[in-house]
Amino acid sequence: MKKLIVLLIIVGGIWFWWHHNQTEEVQRRETEPTSETVAVLATEGQTESEIEEVRVIIRSTDVIDAFFYNQLDEEARLIYRIIRDGIAEGLEEIVLETDDIDKIHHIYRLVLFDHPEFFWVTGAALTTVTSWPDGRAYATFKPEYGHVGEVKMAMQAEIESAVDAFLVTVDPNLSDYEIVRMVYEYLIRNTTYNLDAPDHQNIYSVFVNRESVCAGISRAAQLLLNRLGIFATYVVGEAYVPGTSEYPIAHAWNLVRVNGKYYYLDVTWGMPTFEAESTLAGRIDVIYDYLLLTGVMLYRTHTLAEGIIMPEVTSLTHTFFYLNNMFYDSHDRDAVLEAMNTSILNQENSVSFQFATSELFEEMRVVILEELAPIAAQNLMAWHGLTSTHYYFRERENLNKITLYWLYE
């Protein structure tokens with residue numbers, strides 16, 4: 001019998017992804033555990049045909065829709081499938097016919113990106129690489145599970161119950177855009193941002209505990225949209241809002257596809273937590289600034305993590321402000337004033353304007369605040385019989401956007 005020589009043991013469990021939630025007044029730091037995983041599909045002495053037979057038996061059928069899986073070559077895809085299926089089975093050890101630890105860790109990371117349903121995986125792992133004297137080598141990968149057995153099954157049932165309760169409220173005749181917006185609003189209105197929430201890196205925190213951070217929230221959006229037939233994937237990187245943070249902080253968001261075109265979606269930044277201490281508290285329950293963005297819009301504040309490859313995201317068609325006639329590509333003073341007056345006549349809480357370029361935004365910002373807003377405020381008093389009024393404004397330079405909030409009392 002040939003003697004095994006253990007060459008290397010690598011302990012995973014490096015918590016190397018940092019995420020954050022940014023508000024207009026407060027930025028907080030959060031962490032996501034990310035490591036690697038593997039599946040025991042083969043044991044010593046099995047033939048290649050026997051190994052392949054086992055793989056076929058436990059292979060799931062959703063691989064074709066996995067965004068990161070489709071970026072891999074055939075060799076990496078095989079490793080991916082073994083890792084994915086091992087996690088699905090809850091295997092304590094997963095054997096891979098490779099000694100490339102970096103590749104294993106990279107692929108494991110992509111498996112977790114593609115599969116938000118794997119809430120029971122912490123992201124930590126222990127990897128052991130073993131070499132035979134004849135040059136053969138394999139890796140034994142032990143993913144760390146945060147939840148196992150009956151506890152895991154009970155949590156899974158709770159998640160499915162919550163997800164199903166939402167899915168039955170979705171009209172099957174809704175457009176892709178309407179479905180994305182409904183998911184966006186649902187998650188924002190039903191989730192509290194909390195760095196101390198248990199399980200905040202996974203979907204259990206969102207669907208059951210209703211408290212999470214950007215990792216859990218983005219994974220929940222991914223799962224709901226995929227269940228509703230809308231492509232969505234998990235994206236990681238760093239982000240900051242100019243004027244509120246000196247350095248970018250790690251963050252998670254989504255890439256989605258609406259009517260065949262890609263857009264970015266950041267549900268966490270749609271949460272109005274920044275209003276908690278402001279005059280506008282209670283008046284805003286959803287911020288639509290991050291409901292479908294182009295790459296140009298998003299990349300002013302967000303940066304992709306190293307090694308993350310995204311498609312070109314250029315379409316304006318379903319971005320929120322463009323779709324709702326709040327997007328301007330020219331210095332149209334009359335149209336802006338008309339939009340203000342219409343919002344006041346309809347007693348709307350706010351009116352927003354987004355401009356095509358930074359230069360146009362700077363020009364129109366001055367016109368709006370110094371000329372048009374005072375005129376509209378006078379109209380508000382006259383049309384609603386007031387002797388005085390107040391209005392507030394919020395600017396997002398990174399989005400070339402300004403919003404005015406009207407008070408009718």
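Please report 170, 129 as a ranked list, fewest other C-beta atoms within 10 angstrom at the top and most at the bottom. Walk me through the intermediate numbers first.
Details: 170 16, 129 20.
Ordered by Cβ neighbours within 10 Å, fewest first: 170, 129.
Principal semi-axes of the equivalent ellipsoid, √(5λ) from the alpha carbon gyration tensor of the range 201-353, are 28, 20, 17 Å from largest down.
In this label model, residue 383 and residue 310 are separated by 3.8 nm, measuring between points 7 Å along each Cα→Cβ vector.
Here the simple spin-label model places points 7 Å from the Cα toward Cβ, and for residue 330 and residue 106 these points are separated by 4.9 nm. Please work out the FRET efficiency for the pair residue 185 and residue 259, using the Cβ-Cβ distance as r and a Förster radius of 22 Å; give the result to the nearest 0.05. E(calc), rounded to 0.05, equals 0.70. Charge dipole (Cα centre; +1 on Lys/Arg Cβ, -1 on Asp/Glu Cβ; no other charges) of the range 325-409 amounts to roughly 260 debye.
Normalised by the number of residues in the range 325-409, the mean separation of alpha-carbon contacts (under 8 Å, six or more apart) gives a relative contact order of 34 percent.
Using a Förster distance of 30 Å, how high is the FRET efficiency between residue 303 and residue 77, based on the Cβ-Cβ distance and rounded to 0.05? Result of the calculation: an efficiency of 0.60.
The ranking of 403, 303 by Cβ neighbour count inside 10 Å, starting from the fewest, reads 303, 403. For the pair residue 196 and residue 393, label points projected 7 Å from Cα toward Cβ lie 3.9 nm apart.
Distance from the C-alpha centroid of the range 349-396 to that of the range 193-264: 32 Å, rounded to the whole angstrom.
I'd like to compare 350-356, 261-267, 363-369, 335-341: which one has the highest average count of other Cβ atoms within 10 Å, and what's the full order after that? Don't skip to the end; give the middle numbers.
On the way: 350-356: 20.6, 261-267: 23.6, 363-369: 16.1, 335-341: 18.1.
Most protected by this proxy first, the peptides run 261-267, 350-356, 335-341, 363-369.
Computed over the alpha-carbon pairs of the range 325-409, the distance histogram in 10 Å steps reads 18, 54, 24, 4 percent, short to long.
The ranking of 219, 283 from fewest to most other beta carbons within 10 Å of each one's beta carbon is 283, 219. With both residues required to sit in the range 325-409, DSSP beta bridges show an antiparallel share near 85%.
Bear in mind these aren't lab numbers, they're just calculated from the coordinates by the rules spelled out. Given the structure is predicted, the values throughout are model-derived calculations rather than measurements. As a convention, Cβ positions derive from the backbone with ideal geometry for all residues, glycine included, and neighbour counts pool all protein chains shown.
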